[in-house]
Amino acid sequence: MSTFEAQLFSEIDKLRVQLMNNVDFKAESQRSVGEISPDEILTRIEGVILGIVTSLSRDEVPILVLPNRSSLANVSFDSAVGLQMSSERSVTSVRSDCPSSVTKFAQILKILSVIYRLVQSNSYATKRDIYYNNTQLFGSQRTVDSIIDDMSCMLKVPRRSLHVLATSKGLISGDLCYLEEDGTRIDCHSNSAAVSVSPNIAGIRNIVSSAKFIMIVEKDATFQRLLDDDFCTKLSPCIIITGKGVPDVNSRLMVRKLWDTLHIPIFALVDADPHGTEDISECRSV
């Protein structure tokens, strides 16, 4: 190892020690305690269905009331979790007797039934899987994506707690091994090819790594160049990850998972423009 590399790793080690001293373990434990149990999610879905059945029994028109996600009145900032839906000051009503909303009413009930089965059986599906479950009813993938976000707000739970996953586009490589929820062992040490970021970050366990830092790379082309140049070997041990442009949710969650587990410095290699700054902000917002 050259003198420069030794000095570099020495500075990284100092930064890691400083970060460890500043970690708010209490806040992180509160975050995990606040997670909603599957039974509670099932109860909330049953409450929605019970409301519909009750309306029908009274010969009333069933109406679903959803928080308006486009209204800033429903959004607040919490320093512990970031932006979150805080209230239902502004809502949208979906009526079952209105020609303009009856289709959406049926789509919501269909997706609620799918989510209920997924949570009940402790299984997972991607948003793409749900769309292909009934393409004629949904019409487009965008419709499914929007309704799932509505369900997350209505039930007041994160989307990943609904057992609905987004297809990952991110890649990761370096000094890292872990187990998927199904027991599959993932080894990211390969120099020639990266590993796709898992679609189920919450299910990852037994993370093993001696990496001294994590490098977030904005552009896929730059990531591939670093991979071809054996960056992780020459500057080992480290981990590099890319969201291929604007990072998807799973790539952002993976970065958070690694930080929560390893507590090592995280650097970013991005363009010096507003888009690069936005990518950094996206990763920090999880």
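In the range 135-153 there is at least one residue matching the filter, namely being farther than 24 Å from Arg69 by Cα, among the hydroxyl-bearing types (Ser, Thr, Tyr) and open to solvent by 20 Å² or more (accessible area, probe 1.4 Å).
Pairing each residue of the range 53-68 that is closer than 16 Å to Leu155 by Cβ and outside any helix (DSSP H, G or I) with any residue that is hydrophobic (A, V, I, L, M, F, W, C) and open to solvent by 40 Å² or more (accessible area, probe 1.4 Å), provided the two are 6+ apart or on different chains, yields C-beta distances under 9 Å for Leu64/Leu109; Val65/Val91; Leu66/Val91; Pro67/Met85; Pro67/Val91; Asn68/Val91. Restricting attention to the range 160-179 and to residues that are assigned to a loop (DSSP other than H, G, I, E, B) and closer than 18 Å to Val119 by Cα, the residue that is farthest from the chain's Cα centre (by Cα) turns out to be His163. Of the residues Ile36, Ile12, the single one that is in a helix (DSSP H, G or I), at pLDDT below 95 and either hydrophobic (A, V, I, L, M, F, W, C) or in contact with a Lys or Arg (Cβ under 7 Å, 6 or more places away or on another chain) (or both) is Ile12.
The values are calculated or read from the model by the stated rules, or taken from the named source; none is laboratory data. Treat the numbers as computed from the prediction; the structure is a model and nothing was measured. Cβ: placed from backbone, ideal geometry, glycine included. Neighbour counts: every protein chain shown. Just the protein is used for accessible areas: all its heavy atoms, side chains included, with ligands, DNA and RNA removed. Shrake-Rupley method; radii C 1.70, N 1.55, O 1.52, S 1.80 Å.
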